[in-house]
1. If you go through segment 85-102 one residue at a time, how many are in a strand (DSSP E or B) and surrounded by fewer than 17 Cβ atoms within 10 Å (Cβ to Cβ)?
2. Is it fair to say Asp51 is over 25 Å from Val120 (Cα atoms) and in contact with a helix residue (DSSP H, G or I) (Cβ under 8 Å, 6 or more places away or on another chain)?
3. Which pairs turn up if I take residues in segment 64-78 that are in contact (Cβ under 8 Å) with a residue 24 or more places away in the chain and under 15 Å from Trp116 (Cα atoms) and look for partners that are outside any strand (DSSP E or B) and of a type in the set (Lys, Arg) with beta carbon separation below 8 Å, at least 6 apart in sequence or on another chain?
4. Of everything in segment 97-111, what is among the hydrophobic types (A, V, I, L, M, F, W, C) and closer than 15 Å to Arg30 by Cα? Give them in sequence order.
5. Can you go through Ala66, Ala84 and tell me which one is under 18 Å from Ala41 (Cα atoms), in contact with a strand residue (DSSP E or B) (Cβ under 6 Å, 6 or more places away or on another chain) and not aromatic (Phe, Trp, Tyr)?
6. Among (1) at pLDDT below 85; (2) under 12 Å from the mean Cα position of the chain (by Cα), there is one condition Pro83 misses while meeting the rest; what is its number?
7. Can you run down the residue pairs with Cβ atoms below 7 Å, 6 or more apart or on separate chains, where the first is in segment 51-62 and in contact (Cβ under 8 Å) with a residue 24 or more places away in the chain and the partner is surrounded by fewer than 14 Cβ atoms within 10 Å (Cβ to Cβ)?
Amino acid sequence: MRAVRRAACGAMMIIGATGEAAFAHAIIVRTSPPQSGVGAADIGKVEVWYDAGIRDAFVALAVVNASGERIDKRDAAIDASDPAHVAVGVNALTQGKYTVRYRALSADGHIVSGAWEFEVK
């Protein structure tokens, strides 16, 4: 009976140790420009950092102006030295509000997406 309990406890510990990583979706931990913050007109790129590495498939980072026009360089890519970091180039920005739309494939296979805004003054 003790052997069965030990085996059950061991199995639960293994499941508990691996379950969180297997089911964790990527979460944004930092952006540049900051969410709801102010960016410079000459920032050159918009960046996002996730709490864990993401997969290359389905990665997207798009920047649109207040008129809904896409103004990024359409070159969103994962940083080769940091798989939790994605950047997209932008030309010089004019004064106004911008929306950044993101999409990424988490290590657990789930797609996360959303948007944040920043302003250039």
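1. Result for segment 85-102: 5.
2. No: the conditions fail for Asp51.
3. Cβ pairs passing all conditions: none.
4. Across segment 97-111, the qualifying residues are Val100, Ala104.
5. It is Ala66.
6. Of the numbered conditions (1) at pLDDT below 85; (2) under 12 Å from the mean Cα position of the chain (by Cα), the odd one out for Pro83 is (1).
7. Going by the 7 Å Cβ cut-off, the qualifying pairs are Asp51/Ile27; Asp51/Val29; Ala62/Arg70.
Table: residues versus (1) among the β-branched types (Val, Ile, Thr); (2) over 18 Å from the mean Cα position of the chain (by Cα).
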| site | (1), (2) |
| --- | --- |
| Ser36 | no, no |
| Ala41 | no, yes |
| Trp49 | no, no |
| Val64 | yes, no |
| Gly68 | no, yes |
| Arg74 | no, no |
| Ile78 | yes, no |
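The values are calculated or read from the model by the stated rules, or taken from the named source; none is laboratory data. Please read all numbers here as calculations on a predicted model, not as lab measurements. Counting neighbours? That spans all protein chains shown, and the Cβs are built from the backbone with ideal geometry, glycine included.
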